[in-house]
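A short write-up of the structure that comes next.
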Amino acid sequence: MPILNILRYPDARLHKVAAPVTVFDESLKKLVADMAETMYAAPGIGLAATQVDVHKQVIVVDVSDRHDSLVVLVNPEIVEATGESDIEEGCLSVPGIYELVQRAERVKVRAHDQNGKAFTLEAQGLLAVCIQHEMDHLQGKVFVEHLSQLKQQRIRAKLAKQLRKSA
């Protein structure tokens, strides 16, 4: 299973809206496995297919310390959201940047697994925030876009500087 290339903000491909998955086949299972391996190697706790330039509604999340609780959400939809979160977020597409974003503290999500089986998941805390963050990616939105224009400009400048240093 290859490690996939993660797009970096402000890459325009991060703004593409993902299409629903209609075929649950071996290529989807391979995508999920590759995404999970990429997320763990990064290391991260969540990854949306959009971040690896695959514009399908697929998310992998694992907030466990041992990397043994992988959650796969295909065509996820939030059906209920309550409370308010105060968890600082980061993103594999925006390395080194961490900010507070307004999110629900608890969510109920309806989705499919990689085999096409429908299920409902209730999540709270970090898992709930991570799911909402990854679902934003499926809509073409990066977490920094929840911040003020000034913060976004500063982040773009910081990332450009990081890129120049690594080149």
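The values are calculated or read from the model by the stated rules, or taken from the named source; none is laboratory data. Just so you know, these numbers come straight off a predicted model, no measurement behind them. Using ideal geometry, Cβ is built from the backbone for each residue, glycine included, and neighbour counts are taken over all protein chains shown.
Being of a type outside the set (A, V, I, L, M), closer than 27 Å to Asp68 by Cβ and free of Cβ contacts under 8 Å to residues at least 40 places away in the same chain is the filter here, so list the residues in region 1-40 that pass it. Before you say what the answer is, go through the steps one by one.
First, the residues of region 1-40 that are of a type outside the set (A, V, I, L, M): 2, 5, 8-11, 13, 15-16, 20, 22, 24-27, 29-30, 34, 37-38, 40.
Subset that is closer than 27 Å to Asp68 by Cβ: 2, 5, 24-27, 29-30, 34, 37-38, 40.
Once the filter is applied, which keeps residues that are of a type outside the set (A, V, I, L, M), closer than 27 Å to Asp68 by Cβ and free of Cβ contacts under 8 Å to residues at least 40 places away in the same chain, region 1-40 yields Pro2, Asp25, Glu26, Ser27, Lys30, Asp34, Glu37, Thr38, Tyr40.
Please count how many residues of region 1-20 are at pLDDT 95 or above, loosely packed, with under 15 Cβ neighbours inside 10 Å, among the hydrophobic types (A, V, I, L, M, F, W, C) and out of contact with any His (no Cβ under 7 Å at 6 or more places or on another chain).
So the count comes out to 3.
Conditions tested, residue by residue: (1) more than 23 Å from Gln152 (Cβ to Cβ); (2) within 13 Å of the chain's Cα centre (by Cα); (3) not charged (D, E, K, R).
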residue	(1), (2), (3)
Asp11	no, no, no
Ala18	no, yes, yes
Phe24	yes, no, yes
Met35	yes, yes, yes
Ile59	yes, yes, yes
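Using the structure shown, decide if Ser85 is over 15 Å from His112 (Cβ atoms) and surrounded by fewer than 17 Cβ atoms within 10 Å (Cβ to Cβ). Don't jump to the end; show me each part of the working.
Details: over 15 Å from His112 (Cβ atoms): yes; surrounded by fewer than 17 Cβ atoms within 10 Å (Cβ to Cβ): no.
The answer is no for Ser85.
Which of the numbered conditions does Glu105 fail, given that it passes all the others? Conditions: (1) surrounded by 15 or more Cβ atoms within 10 Å (Cβ to Cβ); (2) under 18 Å from Leu138 (Cβ atoms); (3) acidic (Asp, Glu).
The failed condition is (2).
Can you confirm whether Val23 is in contact with a Gly (Cβ under 6 Å, 6 or more places away or on another chain) and surrounded by fewer than 21 Cβ atoms within 10 Å (Cβ to Cβ)?
No; evaluated as a whole, the condition is false for this residue.
If you check every pair at least six apart or on different chains, which have Cβ atoms under 9 Å apart with a residue in region 127-154 that is within 25 Å of Leu70 (Cα to Cα) first and a residue that is in a helix (DSSP H, G or I) and among the aromatic types (Phe, Trp, Tyr) second?
Correct list of pairs: His133/Phe143; Asp136/Phe143; His137/Phe143.
Scan region 137-158 residue by residue and report those that are assigned to a helix (DSSP H, G or I) and surrounded by 19 or more Cβ atoms within 10 Å (Cβ to Cβ).
His137, Leu138, Phe143, Val144, Ile155
Of everything in region 104-120, what is part of a strand (DSSP E or B), under 25 Å from Lys29 (Cβ atoms) and not charged (D, E, K, R)? Give them in sequence order.
Val109, Ala111, His112, Ala118, Phe119, Thr120 - these are the residues of region 104-120 that are part of a strand (DSSP E or B), under 25 Å from Lys29 (Cβ atoms) and not charged (D, E, K, R).
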